[in-house]
Amino acid sequence: MIWWLVTAIVASLILYPVYYYKIEYPFYVQNLIFIFGFFIFFRWVILWHLTPYARWQWLKLVIIFTLIPMLYFLSYEFTDFKNYIDDVGLQELVTNLNEVDQTSMASYIRTEMVFFSSCALICGFLVPFKLIWNIWKQHNLNQV
């Protein structure tokens, strides 16, 4: 529960500038999914052996097979964001701000979305390999 709370606080802090400037940002939900996905996947890659469910073989298999459509969904949403940038542009979202704030907020939105989406995709891609390695260790070496 602490990890979920910390992740929610960090996600709120990251998206606060977008909310503060009252930007009509159509990617709030996707951005939250990327932030939560990054922190969850990163935690699983680094700290899986410390989780209370680390010895549950069936859960590892379920996670491995549910990550396939999840990664497809994440890549689709990232592509949707990139297409929005190419077709419409982020300047359209920040037209209500002054010129200096427009530039900085457009850069901030693009940078944090690209960072968290690419990190979530990379860590999500690594999780199945970590879990397969963990299954092998548990089966052959009797350790997590």
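Readers should treat all values here as calculations from the given coordinates under stated rules, not as data from a laboratory. If you're wondering where the values come from, they're calculated on a predicted model, not measured in any experiment. Backbone-built Cβ (ideal geometry, glycine too); neighbour counts: all protein chains shown.
Would you work out the charge dipole size for the chain about its Cα centre, treating the Cβ of every Lys and Arg as +1 and the Cβ of every Asp and Glu as -1, and quote it to the nearest 20 debye? Spell out each step's value before the answer.
Details: 8 positive and 9 negative charges, 210 e Å.
Here the chain has a charge dipole of around 1020 debye.
Would you mind counting up the charge near Val29? Only other residues with Cβ under 14 Å from its Cβ, with Lys and Arg at +1 and Asp and Glu at -1. All intermediate terms of the calculation are to be shown ahead of the outcome.
Values: positive: none; negative: Glu24, Glu77, Asp80.
Result for the local shell: -3.
Once the other residues with Cβ under 14 Å from the Cβ of Trp136 are scored (Lys, Arg +1; Asp, Glu -1), what is the net sum?
Working: positive: Arg55, Lys60, Lys130, Lys137; negative: none.
After counting each charged neighbour, the total is +4.
Tell me the angle of helix 2-20 to the major Cα principal axis of the chain, expressed in degrees between 0 and 90 and rounded to the nearest ten.
Tilt of helix 2-20: around 10 degrees.
GNM on the chain, C-alpha springs below 10 Å: top fluctuator among Asn83, Asn98, Asn134?
Asn98
Along the charge dipole of the range 2-140, which of Met105, Thr51, Leu90 sits closest to the positive end, that is, farthest toward it, with unit charges on the beta carbon of Lys, Arg, Asp and Glu (+1, +1, -1, -1)?
Of Met105, Thr51, Leu90, it is Thr51.
Within a 10 angstrom radius of the beta carbon, how do Phe38, Phe78, Phe65 rank from fewest other beta carbons to most? Provide the component values of the computation, followed by the final result.
Values: Phe38 24, Phe78 20, Phe65 11.
Fewest to most other Cβ atoms nearby, the residues stand as Phe65, Phe78, Phe38.
Between Gly124, Gly37, Gly89, find the one with the highest GNM mean-square fluctuation for the chain; connect C-alpha pairs within less than 10 Å.
Gly89
How far is it, in nm, from the label point at Ser75 to the one at Leu97 when both lie 7 Å from their Cα along the line to the Cβ?
3.2 nm
Order by neighbour count: Ser107, Ser118, fewest other Cβ atoms within 10 Å first, most last. Each step should come with its number before you reach the end.
Numbers: Ser107 11, Ser118 14.
The fewest-first ordering by Cβ neighbours comes to Ser107, Ser118.
May I ask you to evaluate 6.51 cos²θ - 1.76 cosθ + 1.60, the Karplus curve with θ = phi - 60°, for each residue of the range 59-68 and list the ³J(HN,Hα) values in order in whole Hz, giving x for glycine and proline?
5, 4, 5, 4, 5, 4, 7, 7, 6, 4
If you take Cα extents along the principal axes in Å from the coordinates, which of [x] 53, 34, 25; [y] 61, 30, 17; [z] 44, 33, 28 do you get?
It is the value labelled [y].
Find the relative contact order for the chain and round it to a whole percent, using C-alpha pairs within less than 8 Å whose residues are 6+ positions apart.
On the way: 88 pairs, mean separation 57.5, N = 144.
In percent, rounded to a whole number, it is 40.
With n ≥ 4 as the cut-off for DSSP H runs, can you work out [θ] at 222 nm for the chain, using -39500 (n - 2.57) per run divided by the number of residues, rounded to the nearest 500?
-28000 deg cm²/dmol
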